[in-house]
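Reading through the structure tokens given below for one structure.
The values are calculated or read from the model by the stated rules, or taken from the named source; none is laboratory data. From a predicted model like this one, the values you see are computed outputs, not experimental measurements. Note: ideal-geometry Cβ built from the backbone for every residue, glycine included; neighbour counts use all protein chains shown. The accessibility values were calculated without ligands, DNA or RNA, using every heavy atom of the protein model including side chains. Shrake-Rupley method; radii C 1.70, N 1.55, O 1.52, S 1.80 Å.
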Amino acid sequence: NGDDQQPWLQLDLQDRFKVTSIATQGRWGSSDWVTRYQLQYSDSGRTWRPYRQEDVIWTFIGNSDTDTVVQHKLPHSIRTRYMRLLPLEGSPKGGMGLRLEVYGCTYKSDVADFDGRSALLYRFNQKSTSTVKDVISLRFRSHQAEGVLVHGEGQRGDFLTLELQRGRLILHLNLDDAKPQSTGRSSSVMLGSLLDDHHWHSVQIERFNKHVNFTVDGHTQHFRCLGQEDTLEIDYELSFGGIPLPGKPGTFLHENFHGCIENLNYNGVNVIDMAKRRKPQIYTVGNVTFSCSESSSVAVTFLSSTGSFLMLPADYSMESLSVRLQFRTWNQEGLLFSVPLSLDPDPINLLLQLSQARLLLSLSGGQQNSAQVLSGKMYTNSYDFHDVENMDGIVESTTQTQTHMSLSCSQRHFTNSKLGFSIVLGCPLFQCDFNCENPNKGYQGCLRLLFINNHPVDILQIQQETLSNYSQISFDVCNIQDRCLPILCEHSGQCIQSWDQFYCDCSGTGYTGATCHNSIYERSCEAFRKTGSQSSVFTIDLDGSGPLEHTQVNCTMADKVWTVVGHDHMRIIDIRGSTPRSPFVLIFNYTISPYHLRSLVTSSEHCQQEVIYRCRKSRLFDTWDGTPLSWWLDRDGVKRTYWGGFLPGVQQCSCSLDGNCRDMNYFCNCDADQDTWANDTGVLSYKDHLPLSEIAIGDTNRTNSQAELQIGPLRCYGDRFFWNSASFYQESSYLHFPTLQAELSVDISLFFKTSALSGVFLENLGVRDFIRLELSSPYTVNLTFDLGDGPVIITVQSPVALNDRQWHYIRAERNVKEASLQVDSLPLKLNEAPSERPYRLQLSSQLFVGGTASRQRGFLGCLRALIINGVTLDLYERAKTTPGVNSGCPGHCTSDSVCHNGGRCVEERSSYTCDCTQTAFDGPHCRTALAASFESGSSVLYTLQEPFSGILNEEARRSPAGFHDADVTKSQEKVSFGFLTHHVPALILTAHTLDQHYLAVMLTSNGSLQIQYLLNKEKGTEKFSPGSSSLADGRFHWVKINRKGQEECILTCTVNITNITLNFSCPILFPVSGSDTTDKELVQAGLRGFIGCLSSVQFNQATPLKAALQNSQSPLVTVIGRLEASSCGTISSLNTLSNTHTHSGVVAAVVFITLCVLAIIIHFLYRHRRTSAPSVITGKMHRPSMEHPPYRAALDLHKPNHDSKEYYI
């Protein structure tokens, strides 16, 4: 029927069956089929339940033609009599039509019905029973939110109780001998939610000794009982359905269960079957029947807060109004119903709505006709169905306690004596008549047991009437879902939910993110040094998103960044009177937990702990047979007898290892056993044994024997995993690790460098699910995962190629709320997960790193610092035994070194450092440009102690060394700098020799750049202009000048990215007399000075501006006037202009050349005006360590970039 808003096909199987599979086929001889559908099932045909997988209403894929049979095996079988197929989408060629077949088997069920005043008692053959192992299983269907299902207790205080509270199951278990009322040592575990929905729920309790598995509807919670005993001792009987009061049949201590229980088994005993056969072990209290009664209530679900409504027909004969209903929702706002009481020009509406989780009954109309009553009870974020009653203007709301709301309405409010109205439940689309002003306040939730004037409303009849008016309503079913069960917020985050979403409140947890997955704290002390912090106590999170909580440590900023962990015995301790059989024992409790200690030591490059031991007639080893008289225990409790160094197993002290013991006949100073004070202080540095957990001193009981002991704190530095790496040189090779634990959340971070076009970084497969992280093209990184309903792909596009043999950083994260991917400093790509879709990533295969299970599309290159959920995978060790993979990466200092701008890469054991001494830059990778602003009268004079370039004095030109050296003539001058100014003319740079030859770089009156050389006084000054455009435009410009050649010189000048080459004669090599031919414009520019900002000035190997900023007290540097470090705005760094590789041969060839002077005079009047910067690619980084990507478009020259964290090891 085309008019049917919600078509369905219903099957009656005539009896309850266990359904395991369903198959569909298109309608024969037509173009009709169903492409997508959902299932519902019911025992009564009145109350329906949607079929779910992973707590999501499942949508089945149907047919795409008429003849093909599509069969689905249900992962979770269902026990039902009635089934409904709800088509969602039909054939695009025809309509909706299908053939249907259901597969399953018969289902045996022993059912008992409890009316709320009955119970079954299972009595033991003996007075009491004591069990080490118990198994209780049952299925139940409840009409109420409260009730005891199982109870048993013993006289010694043991008890077991399973009960419903507010629709949730609670298991109370006590194995202690003492009464729980006095000790409070019982175990209580809550599980399940919304269990009073008139549907079947399964429960299983498994106990062995103190270990318990508690399972409700497939969700299992493991816990351990408190108490001293392993047995559960129950006296006389175990009751089901309530707790009868002894001696008074039919009376109960707690609210008893109202509903049905089936297949009740206790330790292999079918209790209901025994009750049906009237076995003497079963005693019945009250009326227990063995068929399950059906509920008469029919629920209806309002699916949308903006479009769901149900209009009930008008009855013009009513003179009063009475409304009663039950509702259940998570939302705090919603219009439950509205009634138009008057349709005059000034309409009056009666409204019942939720406002800030409280019921609000109001009359809306003009000022004379407005009134409202607000309930004080909170009604949402609750597990209850709430009763609401409105009779003759009085509203009652009932859950466990009564809440009364009254609003009196007299007849004078209305124009007619009889009320003609329609009742509208929810918020209609036409809002003008019913005052539903805010669409978000429409009701979204479940309603049932609706009565109008004490007459029940037949919801099913309304659905079938052709004149009924409703929208976005689900009949016969309550689709409410507890999205906070199981709790998907991590690290103790609080779950808050609405109808279709849940949110995690991470306040006070130390974590952040959609599910509180990511730590807000740094992982090590190293990060605090990068922010300029001084030594102090800091909070760190050693494993990031891992299970360890954050903790406080002392961070000492010295030559190395030390993480210091103290303990409770830091003072000097005097020891006397101890023997080897009764030693003095000291147990250490550290300021952080043993798990944190192990994580710190494991991840650190080096750890040590000082043992200060002073002795007088107190030996460490027996001088006769070497038996240890004192010892210490390592972190695992293993006895150790060495006292210094990092090599275990050697019973020696530090003096023996250093060869300076007081008596070389002994390995320790104290073993000389002299009546004078000796010292055997040593440093323990074998990481696998640190820290000390206990120490024992056993030789201080003799005359004058005495010892003084002081154990220092644990001190660690470095990150041994940061350079943990592997090289992949075969496409078919990979490293394998255990299956990724990523069911609910996973975060992955790594560094890579490659020259390959593509490759898979890692992959893990399941039966249907998978996750993959790959370089799909030189410019593209993909994160792909499939939760069983189709792949999700998140892509990050890079503006430059990523296969440039440089290190690049990737961080990927996936949780139940969202997935994200970030590459270097590019913007974070985020993909939010739909609320109604699977959320568990179920993997089963090994984790493949650097390749795939198919051995195709493997990664070629280097991977390092691979961290998954806070755990670093040891690529280095795994690669040792894997063909096609090498441990480590082949050299950190290659032709494509990460040291920039001519910085020299220095190879270290497992890392590198950048020597920026001969560059105009600074920072870990020589990328931090050094800039300064100058005002009027300020300048920098730099005196060279070594001759540079071809601007030589006359004596040097006569020297054979100055004439014949090829390197000198090959590269005469290499000058580079950046500048920003508004003022002209301006002298930027001059270089003078003692015989008045010079090089000058200036801006002319029209702002164009001009280079002047005076190399031959006979020819005079030669001027070169790379271009005529003005560079005094307030923007930053890079300039690079390079002069090469012998008789004919080639001058290359690069301004920003434009290269200009000029040819001219090189200087002659003998003195020429003549007058001063200094250019007048140059003199004028020198008098005005330079007004602006200069950056990264380099003249061959000299870096005068860097020396002035970092070492202004040097005798080589003279600073005149005011000099301030500056950022020059946001400077665009061009690698082609900043890679100033210096030729070392220049210095070597000028040994006999006399001193020359280079004067760089820079003037500045006013601080430059900051200009608009080019767009910068930025993004929030979640990573433990990060290097600047080679293409980063902006440099901050004044302060370090705190968004990136770089380690230099």
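For the reader, a short list of remarks on this structure follows.
- Accessible surface of Cys506 - all protein chains present, 1.4 Å probe, nearest 10 Å²: 20 Å²
- Net charge over other residues, Cβ less than 12 angstrom from the Cβ of Asp688 (K, R count +1; D, E count -1): +2
- Whole-Hz Karplus values for the stretch 447-459 come out as 10, 7, 6, 8, 10, 10, 6, 6, 10, x, 8, 7, 5 Hz, taken residue by residue from phi with 6.51 cos²θ - 1.76 cosθ + 1.60 and θ = phi - 60°; glycine and proline positions read x.
- Between the amide H of Asp1033 and those of Thr981, distances stay under 5 Å, these residues lying 5 or more places away or on another chain, with hydrogens modeled in the peptide plane.
- Cβ-derived FRET efficiency at R0 22 Å, Tyr283 paired with Ser130, nearest 0.05: 0.55
- Exposure check, 1.4 Å probe, all protein chains in place: Trp1038 carries approximately 10 Å² of accessible surface.
- Rounded to whole Hz, the Karplus (6.51, -1.76, 1.60) HN-Hα couplings of the stretch 568-573, x for glycine and proline: 8, 9, 7, 7, 6, 10
- Taking 24 Å as the limit for the C-alpha separation, the pairs Lys560/Lys687; Lys108/Lys279; Lys210/Lys279; Lys18/Lys93 exceed it in the case of Lys210/Lys279; Lys18/Lys93.
- Surface per residue (accessible, 1.4 Å probe) for the stretch 459-571, Å²: 44 Å²
- Whole-number percent relative contact order across the stretch 726-869, with pairs defined as alpha carbons under 8 Å at least 6 apart: 42 percent
- Interchain or long-range residues, amide H under 5 Å from Arg36's placed H: Gly62, Leu88, Glu89
- Which of Trp58, Trp8 is most accessible, then next, and so on - probe 1.4 Å: Trp8, Trp58
- Whole-angstrom Cα spans of the stretch 628-784 along principal axes, big to small: 78, 34, 24
- The stretch 469-514: C-alpha gyration tensor shape, a/c 1.5 cut-off, then a/b vs b/c: prolate
- Relative protection proxy for 81-88, 925-932, from highest mean packing down: 925-932, 81-88 (other beta-carbon atoms within 10 angstrom).
- The string of couplings for the stretch 928-940 from the Karplus curve (6.51, -1.76, 1.60, θ = phi - 60°) is 8, 6, 9, 9, 8, 10, 10, 10, 4, x, 8, 7, 10 Hz, one whole number per residue in order, with x for Gly and Pro.
- Net dipole in debye of the stretch 707-854 [+1 Lys, Arg Cβ; -1 Asp, Glu Cβ; about Cα centre; nearest 20]: 180 debye
- Entry comment: accessible area of the stretch 740-811 is 33 Å² per residue, from protein heavy atoms only and a probe of 1.4 Å.
- Put simply, the Cα atoms of the stretch 748-906 extend 55, 37, 28 Å along their principal axes, the longest span coming first.
- Prolate/oblate/rounded label for the stretch 183-247 (Cα gyration tensor, a/c 1.5): oblate
- Rounded if a/c under 1.5, otherwise prolate or oblate - the stretch 1-146, Cα gyration tensor axes: prolate
- Alpha-carbon centroid distance for the pair the stretch 577-614 / the stretch 831-880, whole angstrom: 37 Å
- Accessible surface of the stretch 541-581 [probe 1.4 Å, protein heavy atoms]: carbon and sulfur percent: 48 percent
- Segment Gln996-Asn265, length gained on full extension (0.36 nm per residue, minus Cα span): 252.4 nm
- Ranked by the mean number of other Cβ atoms within 10 Å per residue, highest first, peptides 1023-1036, 721-734 order as 721-734, 1023-1036.
- Nonlocal amide H pairs with Gly888, under 5 Å, H built at 1.01 Å: Ser725, Ala726, Ser727
- Net charge over other residues, Cβ less than 15 angstrom from the Cβ of Thr627 (K, R count +1; D, E count -1): -1
- Within the stretch 481-613, the percentage of alpha carbon pairs spaced more than 25 angstrom apart rounds to 46%.
- Among 281-289, 749-757, sorting by the average number of other beta carbon atoms lying within 10 angstrom of each residue, highest first, gives 749-757, 281-289.
- Between Glu1018 and Ser492, the distance separating the two model label sites (each 7 Å from Cα on the Cα→Cβ line) works out to 8.9 nm.
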